1. Go ahead and estimate [θ] at 222 nm for the protein assembly as shown from helices alone: -39,500 (n - 2.57) per DSSP H run with n ≥ 4, summed, over the residue count, rounded to 500.
2. Shielding by partners for A:298-304, please: the mean number of other protein chain Cβ atoms within 10 Å of each residue's Cβ.
3. So how far apart, in nm, are the two label points at residue B:108 and residue A:306 if each is 7 Å from Cα heading toward Cβ?
4. Just report the Cα centroid separation between segment B:51-74 and segment A:316-353, whole Å.
5. So what are the three principal axis dimensions of segment A:200-239 from its Cα atoms, in whole Å, longest to shortest?
6. Relative contact order for segment A:273-352 using alpha-carbon pairs under 8 Å, separation at least 6, rounded to a whole percent?
7. Taking the alpha carbon gyration tensor of the protein assembly as shown, what are the square roots of 5 times its eigenvalues, largest first, to the nearest whole Å?
8. Could you compute the FRET efficiency for residue B:229 and residue B:181, with r as their C-beta to C-beta distance and R0 at 30 Å, rounded to 0.05?
């Protein structure tokens, strides 16, 4: 288990989810939607932590647009622990703010930081991995990242290169590698020494506080004495804060970073095609939800929650039907779905945003 | 002009239009829908005839399911001239029934027989062609078919081979050729002597009556004394009548058949891809109706009358959005759309039929 101190979890729920249009909208990004199962992604994230972190120790950092919906979806999380940033400034300020809040409650707490919109197939293995990371973090000053054993040479993820082993399945981090191109990704995976960077972190409040003060002093100072329930003081603090990710701003600079490898069926659900991978697929390789009729059609993803969708002689398409919009997208172009948002804005078709 | 006798038009409106699902439904086949323009196809058919045939001389033969809708769509056509067959038996019985009705009114009338669901781009040229056909029919006992100068080696149409010229632009018919395969169609078009069979016919009441009596005596006799306003007598007559097309049952056997060639932008709108031909297309070759956003997408047909349809990176698709169903079909498979009807029936999803 993760040591004697209390365990808090900080769920980063600020994402816009433009890659899941037309399901995701400005007011309903991916983390607030039931993308994979019948429950929303943030609900699944909280539920998955439940045996390890109770609702009273869950913190969710989000934007003004989504706070109310999050309170509705997570009734067991105390209201004041839905932390609302006045404006998004990437992960470092969000984590710094949550760290300060937890430190006031319990300066010796351990923290798990994780995104609100990842899919994890094996929740028990996930918690086992967190346990190992908590044990490692509890033993000292380490900033522990969770790395994923790669199952393919993905170019959409960052990589972590393992250094010396410091415990079974845990290593010093030699370096972080930004999203590589395809051939570089193949090299990294072939070598065997690299893990995917999951964006999930485990550390003691003290360890991350010191790291923030050292590597991002401007952000740490700006947020040190802020009362997050005072919207005006929070807005003033954020106005002075630059955008900064915790990876680039702290972890890539710190020398006390470790990585714990895990295999728990992790997927960041970066686009519609993630659902093609997750399946289940029918005999023709179609992954289907809702009322769908597929004739001579193979390898398509269809979500027909509103209407009947009929396919005839098509392959490799993503077809998403919603109340006011239908997406028909080639599976190899799902990354371009976010361009639809720009185009809708340009045309002034705001009701579909 | 078409001689001194009055001119009647018989519009055959019995089609089921299964190839236009999901727009066309059992209760709303293609001829009752605004497929090409804002007006329904049967409304366009009547309008196109107007300068030549007044509404009092229009007859529409249809099935029980569609009579009421036709009366609504064609308020100027007298009620009793919406002729309702108790059951569809192909074109020969429909024409025989209408012929009998017109003969009672005016035994010397000329008749134009035409489908309710064809598109004609140049209505004036169409009427000029009908005028020539009427002149030819008026001069004697001829059964005149309207042939279309082929613009491509279509395998979806029947062909008419021209024989001796009997008037400028008018010939004896040497023979009818059933829908050929592609290479045979190329031969037929290359030779120059063949026309597409449009399914549009012009003749005097007497000429077609005699031809029916001679070549289809069973049908002629069964319908001779029927009162079409007496549903019971009509049902009894139809019960005894075999399915028969006018082409196969009469025209291919008769020796007094002529063809008048025309070029008036004719299209039988046999499937969704017909609308791709008719355009207009945008710079990427997409033919679009309604609110459509097409990114990196080429050569698609989209009808978005209900919702926004967004395309990303797709080519050669037919996407038809309706209130309760969306079709996504490869353009080269539009002939298979009718299989959806079978599949819907098999699954018992009757609300989409």
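None of the figures in this text is laboratory data; all of them are computed from the coordinates on show. The model shown is predicted, which means the values in this text are computed figures rather than measured ones. Don't worry about glycine lacking a Cβ; one is built from the backbone with ideal geometry, like all the others, and counts go over all protein chains shown.
1. On the way: 20 runs with 204 residues, N = 706.
It lands at -8500 deg cm²/dmol.
2. On the way: counts 0, 0, 1, 0, 2, 0, 2.
Partner Cβ neighbours, averaged per residue: 1.
3. 6.2 nm
4. Here the answer is 43 Å between Cα centres.
5. 30, 18, 17
6. Numbers: 136 pairs, mean separation 15.6, N = 80.
For segment A:273-352, the relative contact order is 20 percent.
7. Numbers: eigenvalues 1079, 110, 86 Å².
Working through the eigenvalues yields semi-axes of 73, 23, 21 Å.
8. Numbers: r = 46 Å, r/R0 = 1.52.
Computed FRET efficiency for residue B:229 and residue B:181: 0.10.
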